[in-house]
Each structure stands twice: as structure tokens, then as C-alpha cells.
Amino acid sequence: MAKGEGIGKQSWKPGNVLSPVPVVLVSCGGTKGWQPNMITIAWAGSVCSDPPMLSISVRPERYSYEIIQDTLEFVVNVPSLIQAKATDWCGMVSGRTVDKFAVTGLTPAAALKVGCPIVLECPLNIECRVQQSLNLGSHTMFVAEVIAVQVSSKLLDAKGLLRLEKGGLLAFAHGQYFALGRCLGRFGYSIQKRPSPVRRSAPPKRG
């Protein structure tokens with residue numbers, strides 16, 4: 001392993017510098033009298049494998065916070081580069097006064113197991129049901145179980161395997177959006193043994 005000789009460090013005040021993080025479009029509403037809405041979220045992440053769970057953190061003053069608190073459902077829609085501008089815009093305006101689906105041209109489509117819509121154009125749609133909410137300060141964290149997933153067929157190879165590198169996914173870091181790059185390897189690739197070279201048997205001696 002490489003040693004960190006000659007690497008300088010500076011001391012910064014505590015802050016949200018964990019980067020990059022996913023940027024997602026969270027859809028909610030469509031039930032209990034709420035109109036369908038979308039909110040851009042960068043504070044999102046996986047929290048458990050079994051059962052599959054994730055979290056999103058939302059400011060209480062946001063319109064979507066009211067909706068999620070009431071319905072206890074939402075969909076995490078993972079956007080691609082094609083939806084980058086719409087994703088940014090949905091984080092800048094309020095659903096109290098604007099129909100975000102109508103303005104962006106994104107399509108609200110039926111989810112499999114929740115009442116709120118998915119964003120049809122997003123390559124991944126993760127349907128969630130809230131299990132717990134934690135008031136942490138500026139944000140409330142909604143911890144939710146994943147109860148259904150929809151995947152664009154364009155992300156599947158001939159064997160039906162998920163190939164996320166085809167999705168042109170986004171990342172968020174320090175107030176800027178980035179396109180994810182090439183795949184470096186699967187989890188655990190650092191300890192995988194290289195295949196042994198095939199040895200060819202020597203031709204028989206003629207005597």
C-alpha cells in the first residue's frame with residue numbers, strides 16, 4: 001500500500017464535506033388529497049440490507065416534509081444526466097405553488113406498492129415506506145423500508161444483469177453536480193486472485 005509521505009492537511013470547521021453523495025428526486029403525494037410532488041435530495045443513503053432500508057433527510061419547512069409526514073410513503077427516483085437540469089430545478093422551487101411534473105415534463109407513473117407516483121424517466125425507482133422519523137436539527141431523517149424497486153430495461157444486459165454504468169448517473173459534491181465515471185471493479189476486486197496462465201503440454205518426444 002502507498003504511504004502518505006509529503007501529504008499536507010488543513011484544519012477546517014465541522015461541516016457536511018462527505019462527498020460525493022447521490023442526488024435523487026424524491027416523489028411523494030398523490031394520496032390523502034395531496035397533489036403529486038417532487039423534491040431534490042442530496043442527504044440520502046442506505047442504512048440496512050435485511051430488511052432493505054434507506055434514509056432521506058428533509059428540512060421541516062419544505063412542502064414535501066408535510067406530505068411525507070402525513071402519508072409515510074415516498075419514492076427515491078435516481079436520475080440520469082438527462083434529468084440533471086430538472087433535478088436541480090426541483091430543488092429550487094416549492095411544490096406549494098408549482099406543479100413540478102407539469103413544468104419539467106417528467107411523467108408521474110404508477111408505483112407498484114405505494115400510492116405516490118414514480119418518475120417514469122428516471123432509470124431507478126425505489127418505493128419506500130417510512131418506519132421511523134428522527135428530528136436531528138436542521139433536517140428530519142426519514143428511515144424507510146424499501147418495499148419495491150423498478151429498473152429501466154435499458155440498464156439490463158443480455159443476461160438480465162444490472163449495468164448501472166449505462167445509466168449516466170449523477171453525484172453531488174460541495175454544491176456541484178458531477179457525472180459518475182467508469183467502473184473500476186466489483187466489490188472485493190482488490191483480493192481476487194488472477195487466473196493462472198494456461199499451461200500447454202509439451203509435444204511428445206519422437207524417438
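Remarks
- Test: residue in the range 125-135 that is assigned to a strand (DSSP E or B), closer than 12 Å to Leu25 by Cβ and aliphatic (A, V, I, L, M): yes
- Residue within the range 82-102 that is over 21 Å from Val47 (Cα atoms), part of a strand (DSSP E or B), small (Gly, Ala, Ser) and under 18 Å from the mean Cα position of the chain (by Cα) present: no
- Val151 being at pLDDT 90 or above and in contact with a Cys (Cβ under 8 Å, 6 or more places away or on another chain): no
- Residue that is modelled with the lowest pLDDT, among those in the range 154-197 that are under 29 Å from Lys85 (Cα atoms) and of a type in the set (Gly, Ala, Ser): Gly181
- Check on Ile68, under 19 Å from His139 (Cβ atoms), among the β-branched types (Val, Ile, Thr) and in a helix (DSSP H, G or I): yes
- Just one of the listed residues (Thr71, Thr107, Thr87) is surrounded by fewer than 14 Cβ atoms within 10 Å (Cβ to Cβ), out of contact with any helix residue (DSSP H, G or I) (no Cβ under 6 Å at 6 or more places or on another chain) and among the β-branched types (Val, Ile, Thr), and it is Thr107.
- Check on Glu66, surrounded by fewer than 21 Cβ atoms within 10 Å (Cβ to Cβ) and either of a type in the set (D, E, K, R) or under 13 Å from Cys122 (Cα atoms) (or both): yes
- Residues in the range 25-50 that are touching a residue at least 60 places away in the same chain (Cβ under 8 Å) and either among the hydroxyl-bearing types (Ser, Thr, Tyr) or closer than 21 Å to Trp89 by Cα (or both): Leu25, Ser27, Cys28, Gly29, Gly30, Thr31, Gln35, Pro36, Asn37, Met38, Ala42, Trp43.
- Test: residue in the range 50-65 that is of a type in the set (Val, Ile, Thr) and either at pLDDT below 95 or farther than 24 Å from Leu169 by Cα (or both): no
- Cβ-Cβ distances below 6 Å connect the following pairs, each with a first residue in the range 116-131 that is closer than 16 Å to Gln69 by Cα and touching a residue at least 60 places away in the same chain (Cβ under 8 Å), a second residue that is of a type in the set (Asp, Glu) and buried (at least 18 other Cβ atoms within 10 Å of the Cβ), and a separation of six or more residues or different chains: Cys116/Glu73.
- Considering the range 8-33, and only residues there that are among the small types (Gly, Ala, Ser) and surrounded by 15 or more Cβ atoms within 10 Å (Cβ to Cβ), the residue that is nearest to the chain's Cα centre (by Cα) turns out to be Ser27.
- Selected residue (only one of Pro51, Pro60, Pro36, Pro117 is surrounded by fewer than 13 Cβ atoms within 10 Å (Cβ to Cβ), more than 13 Å from Val24 (Cα to Cα) and in contact with a Ser or Thr (Cβ under 7 Å, 6 or more places away or on another chain)): Pro60
- Tabulated pairs, the range 158-170, first surrounded by 14 or more Cβ atoms within 10 Å (Cβ to Cβ) and outside any loop (DSSP other than H, G, I, E, B), second modelled with pLDDT of 85 or more and charged (D, E, K, R), C-beta under 9 angstrom, 6+ apart or interchain: Lys166/Lys154; Lys166/Asp157
The values are calculated or read from the model by the stated rules, or taken from the named source; none is laboratory data. These figures come from a predicted structure and were not determined experimentally. FYI the Cβ positions are ideal-geometry reconstructions off the backbone, even for glycines, and counts take in every protein chain you see.
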